[in-house]
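Student: I'd like to ask you about the structure that follows.
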Amino acid sequence: MAAPLFFSTFEVTRQAFHRTALAYAIVNLKPIVPGHVLVCSTRPVPRLTDLRTDELAELMRAVQRVGRVVERAYDADGLTVACQDGRASGQTVPHVHFHVLPRRLQGDRFAGSHSDDLYPELEKQESTLPQDFTSAAHGSPEPLKMDADAARKPRTHEDMEQEAKWLAGFFEADE
């Protein structure tokens, strides 16, 4: 059996749908759009510059592969791939990760002239962990800010596990 996966200090093994030795992908607790997932380094480091070259290369290969699967699974026309690298960029979880969001030319809540509205949503979404979590990696006792969008409720573990199993099937079909 594979070792448990942690997103910072939170165990996310049941949310995982793709895994390599150095990277993994998980479904999102509060997706901005259907299919919004995270691709993370297996080793929990806060910044891209903290990754070894082999870890960064494997993480980017995982972003590519997960992106292809998510685009196909959600019948998307493209992807938004984003990484908030450091607190100043809006990163609140001190663990390198990329957001992969399937996008559509029509029917996407951020389509057309609203495409850039996605980025403030990412900053809000990034901070969905419990309020008592502190950023020990930065030596800060300051709690994480919470997502101000009360309309986007956290999903259940069961819902996330079901989506993860469904997405994992796309990888199995490719092999």
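The values are calculated or read from the model by the stated rules, or taken from the named source; none is laboratory data. Note that the coordinates shown come from a computational prediction; the quantities given were computed from them, not determined experimentally. Reconstructed Cβ throughout: ideal geometry from the backbone, glycine too, with neighbour counts over all protein chains shown.
Yes/no per residue for (1) in a helix (DSSP H, G or I); (2) modelled with pLDDT of 95 or more; (3) touching a strand residue (DSSP E or B) at 6+ places or on another chain (Cβ under 6 Å):
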{"residue": "ARG68", "(1), (2), (3)": "yes, yes, no"}
{"residue": "SER115", "(1), (2), (3)": "yes, no, no"}
{"residue": "SER127", "(1), (2), (3)": "no, no, no"}
{"residue": "GLU142", "(1), (2), (3)": "no, no, no"}
{"residue": "LYS153", "(1), (2), (3)": "no, no, no"}
{"residue": "GLN162", "(1), (2), (3)": "yes, yes, no"}
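Student: When you go through THR92, THR42, THR53, THR9 one by one, which is the residue that is β-branched (Val, Ile, Thr) and free of Cβ contacts under 8 Å to residues at least 12 places away in the same chain?
Tutor: After ruling out the rest, the residue left standing is THR53.
Student: Please give the number of the condition CYS40 fails out of (1) out of contact with any helix residue (DSSP H, G or I) (no Cβ under 6 Å at 6 or more places or on another chain); (2) in a loop (DSSP other than H, G, I, E, B); (3) under 26 Å from ARG155 (Cβ atoms).
Tutor: Unmet for CYS40, out of (1) out of contact with any helix residue (DSSP H, G or I) (no Cβ under 6 Å at 6 or more places or on another chain); (2) in a loop (DSSP other than H, G, I, E, B); (3) under 26 Å from ARG155 (Cβ atoms): (2).
Student: Then there's this: Filter the stretch 12-39 down to residues that are in contact with a Pro (Cβ under 9 Å, 6 or more places away or on another chain), in contact (Cβ under 8 Å) with a residue 24 or more places away in the chain and surrounded by fewer than 20 Cβ atoms within 10 Å (Cβ to Cβ), then give me how many there are.
Tutor: Number satisfying all stated conditions: 3.
Student: Can you name the condition, by its number, that GLU58 falls short on among (1) surrounded by 18 or more Cβ atoms within 10 Å (Cβ to Cβ); (2) over 25 Å from PHE10 (Cα atoms); (3) at pLDDT 95 or above?
Tutor: In the conditions (1) surrounded by 18 or more Cβ atoms within 10 Å (Cβ to Cβ); (2) over 25 Å from PHE10 (Cα atoms); (3) at pLDDT 95 or above, GLU58 misses (2) alone.
Student: Also: Out of all the residues in the stretch 51-63, is one or more hydrophobic (A, V, I, L, M, F, W, C), in a strand (DSSP E or B) and touching a His at 6+ places or on another chain (Cβ under 9 Å)?
Tutor: Looking for residues that are hydrophobic (A, V, I, L, M, F, W, C), in a strand (DSSP E or B) and touching a His at 6+ places or on another chain (Cβ under 9 Å), one finds none in the stretch 51-63, hence no.
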